[in-house]
Structure formats: C-alpha cells, structure tokens
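Everything below concerns the one structure shown next.
Derivation of every value follows stated rules applied to the coordinates shown; laboratory data play no part. Just so we're clear, the structure is a prediction, and the values are computed from it rather than from any experiment. Glycine also receives a Cβ, built like all others from the backbone with ideal geometry; neighbour counts cover every protein chain displayed.
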Amino acid sequence: MKFSIITPVTYDKDNADELRMPRYKMFRRCALSVDAQTYGDFEWVIADDMCNPPVELQNNFTKVIRLPEKSGRIIATNAALKESTGEWLCFLDADDEYANCYLEALADAIRLHPEHKVFNMNHLMFDYDYKTWTRKFINMEVQGDKPFPSGTIGMGAFIFHRSVLEDVGMLPELGLWELTDWAMEKYPELKPFYAKNDGSGNYNSLGNPWGNDFLMFYMITRKYPSKYLDTALYYVHSRWGHRWPDDPDYVVDPGKQPRWDPGNG
C-alpha cells in the first residue's frame, strides 16, 4: 500500500526571528525523519509556501509544489493533497518528525484492521526544556459519535484512506476566523466548546494556530469510525527549539521573550 505524506511548509532562513523560532532547522530535522522511514512505499508531497530558500530535496520520493504567493496553511495543505497519489494519506508538520517506524507501524495496523479507513494515535511531546511526555489522543472507540473540541488533535496523529477524502472533501480555503464561523454553522454542536464568555456571541478560534487539523479529523469522524492506536510515533517539538533549564540563555516563556538579540545575528 502506498502512503502520501502531506507537508505544508514556510520559513525564511534570513529572517532575524529564525534565531528565536528556528523553522528552517526544524524542517531539516523533519526531512531526515522521512528519509529514515523503514517502510518504502510512500511519497512526500511538500507545498512550499514561499520558503526562503526554496525547498530542494534530492531524492526519488519527494514532490515539491512551489506556491506562486504566500497562501497560508489550509491552501498549502489542499494544494499538496491535490497532487498526492497514495492510497493512504497522512500529515507531517514541517517542525515535527516521524519515528522511523511510523509508516511501517501504520501499514501493519491497516493489515490487522482492514475494516477501518481511519486510524489515530498519540503525540510524543518535546518541550522547550527537553522534557518529554505523551499527549493522549481521543480514543474514538470510547468517544463514539459525541462531539469534542480541539486540544489533543494534531497533524500526524491520524491517517485516512483516500476514499474518505473523496467523500468528506477538503477544508474550505478560509482564514482563521472565517474557518471558525464556517465550522460553527456546519457543526452547531461545537458552539458550546468555543463560545466566548463575554456575551458577544462570538467564538474563539478552533485551535493554535488554525485548528484545521482538528476540523479535518472532526469532519472525518462524523462519517467514519477511527481505530485508536495507543502509541506515540509522531514527535512534536517546541516551536522555539530547545534549551536546558540551566543554560544562561534559558527563558521562562520563549514565546514572548526573544532568546537572542536579533541584532547580533
């Protein structure tokens, strides 16, 4: 069986903020994890959302689509999905990585559970201080058809058969808040999870940053049961890189405080 790995990516190696949020370095790690897969029947479809420098990988399993203008996460993901040819679809964020047995383990699960067209698993989280912990995904065999919010659903922790995408369709190519409004209209049972507590009648966003991963999984599981795999073969890293707590450059909240003076870069 052939897998299509879908990755939207954007980075700017020359941007001063790359010192604080090393997206280019993270993407290199991401690429190494794909190259190390122990299962060989796959393609990696990358949507290059105006990266600097452009994505160039010398191998026989990668297809790079260079978007003509900066378009955002959803448009880039859809562009990669349209170019994919695999029987099974899986996601990989450009700042995350796969365990080298990710595809092998999923192929084995598909073999053992041929009645399922959707599978989901946990994340192994690498915090800014190098500590690790397992973020448990929802066990949909327990959850059933009850509604649920985002929070533990992320890219790479679910896969699905191409026929599922053909049935459910891709996400609408909308901005952050327009996507939230669309979701609330299509799935009104989600409103209690996202309603602002200020009496405005407005909603919080679906997730950080977009919630598109949650919404895709929610759409799929309204029609298809997902087989839960209690393992963590998808690795999520701190977007700020990593520092030991006794490092003199360690900061409590790297998201708000630059670790280095960009002027020194």
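In debye, nearest 20: dipole of the range 21-123 around its Cα centre with unit charges on the Cβ of K, R (+) and D, E (-)?
Working: 11 positive and 16 negative charges, 62 e Å.
So the magnitude is around 300 debye.
Take the alpha carbon gyration tensor of the range 1-89, find the square roots of its eigenvalues, order them as a ≥ b ≥ c, and report rounded if a/c is under 1.5; if not, report prolate when a/b exceeds b/c, else oblate.
Numbers: a/c = 2.36, a/b = 1.44, b/c = 1.64.
Taking the square roots of the gyration eigenvalues as a ≥ b ≥ c, the range 1-89 is oblate.
How much FRET efficiency would the formula 1/(1 + (r/R0)^6) give for residue 197 and residue 135, where r is the Cβ-Cβ distance and R0 is 35 Å, rounded to 0.05? Each step should come with its number before you reach the end.
Details: r = 25 Å, r/R0 = 0.73.
Here the calculated transfer efficiency is 0.85.
Quick one: which residues, 5 or more positions from residue 91 or on another chain, have an amide H under 5 Å from its amide H? H modelled 1.01 Å from N in the peptide plane, none for Pro or chain starts.
6, 156, 158
Could you pull out the trypsin sites (Lys or Arg not before Pro) across the range 90-134 that fall in loop regions by DSSP (anything but H, G, I, E, B) with no more than 16 other Cβ atoms inside 10 Å? Let's see the in-between values first.
Details: sites: 111, 117, 131; in loops: 117, 131.
When the trypsin sites (Lys or Arg not before Pro) of the range 90-134 are filtered for loop state and at most 16 Cβ neighbours within 10 Å, 131 remain.
Out of 26, 121, 140, any idea which swings most in a Gaussian network model of the chain, alpha carbons joined below 10 Å?
140
What is the distance in Å between the Cα centres of the range 1-76 and the range 88-117?
Spelled out, the Cα-based centre of one part sits 18 Å from the other.
Tell me the Kirkwood radius of the range 66-123: reciprocal of the mean inverse pair distance over distinct alpha-carbon atoms, in Å.
Working: mean 1/r = 0.0729 Å⁻¹.
It is 13.7 Å.
Once fully extended, how much extra length lies between residue 35 and residue 127, figured as 0.36 nm per residue of separation less the alpha-carbon to alpha-carbon distance? If you can, show how the numbers build up before the last one.
Values: separation 92, 0.36 × 92 = 33.12 nm, distance 2.39 nm.
Additional length available on full extension: 30.7 nm.
Percentage of Cα-Cα pair distances in the range 99-179 greater than 20 Å, rounded to whole percent?
Numbers: 1598 of 3240 pairs.
Value for the range 99-179: 49 percent of Cα pairs lie more than 20 Å apart.
Taking the Cα centre as origin and putting +1 on Lys and Arg beta-carbons and -1 on Asp and Glu beta-carbons, what dipole magnitude results for the range 128-265, to the nearest 20 debye? Could you put the intermediate results ahead of the total?
On the way: 15 positive and 18 negative charges, 61 e Å.
For the range 128-265, the charge dipole is close to 300 debye.
With a cap of 14 neighbouring Cβ atoms within 10 Å, and only residues DSSP puts in a loop, list the trypsin sites (Lys or Arg not before Pro) found in the range 133-184.
Answer by residue number: 136.
Charges only on Cβ, +1 for Lys and Arg, -1 for Asp and Glu: so what's the dipole of the chain about the Cα centre, in debye to the nearest 20? Could the numbers behind the result be given before it?
Numbers: 29 positive and 39 negative charges, 71 e Å.
My answer is approximately 340 debye.
Which percentage, to the nearest 5, of the DSSP beta bridges contained in the range 110-237 is antiparallel? Kindly include the intermediate steps, with their values, before the conclusion.
Details: 8 of 15 bridges.
If we restrict to bridges inside the range 110-237, about 55 percent are antiparallel.
Rounded, prolate or oblate: which fits the range 4-52 when a ≥ b ≥ c are the square roots of the eigenvalues of the alpha-carbon gyration tensor, with rounded for a/c under 1.5 and prolate only if a/b beats b/c?
Numbers: a/c = 4.25, a/b = 1.94, b/c = 2.19.
Oblate, since a/c reaches 1.5 and b/c is not below a/b.
If you take the Cα atoms of the chain, find Rg, then find the Kirkwood Rh from the mean of 1/r over all pairs, what is Rg/Rh? Spell out each step's value before the answer.
Working: Rg = 18.7 Å, Rh = 19.5 Å.
Radius of gyration relative to Kirkwood radius: 0.96.
What's the local net charge at residue 167, with K and R +1, D and E -1, over the other residues with C-beta under 15 Å away?
On the way: positive: 117, 162, 222, 223; negative: 87, 166.
With Lys, Arg at +1 and Asp, Glu at -1, the net is +2.
Among all stretches of the chain without exposed GluC sites (Glu not before Pro) (DSSP loop, at most 10 other Cβ atoms within 10 Å), which one is longest?
Details: sites that count: 56, 69, 115.
No qualifying site falls inside 116-265, the longest such stretch.
What does the C-alpha gyration tensor say about the overall shape of the range 167-248? Classify as rounded when a/c is under 1.5, otherwise prolate if a/b is larger than b/c, or oblate. Before the final figure, lay out the partial values.
Numbers: a/c = 2.29, a/b = 1.34, b/c = 1.71.
Oblate.
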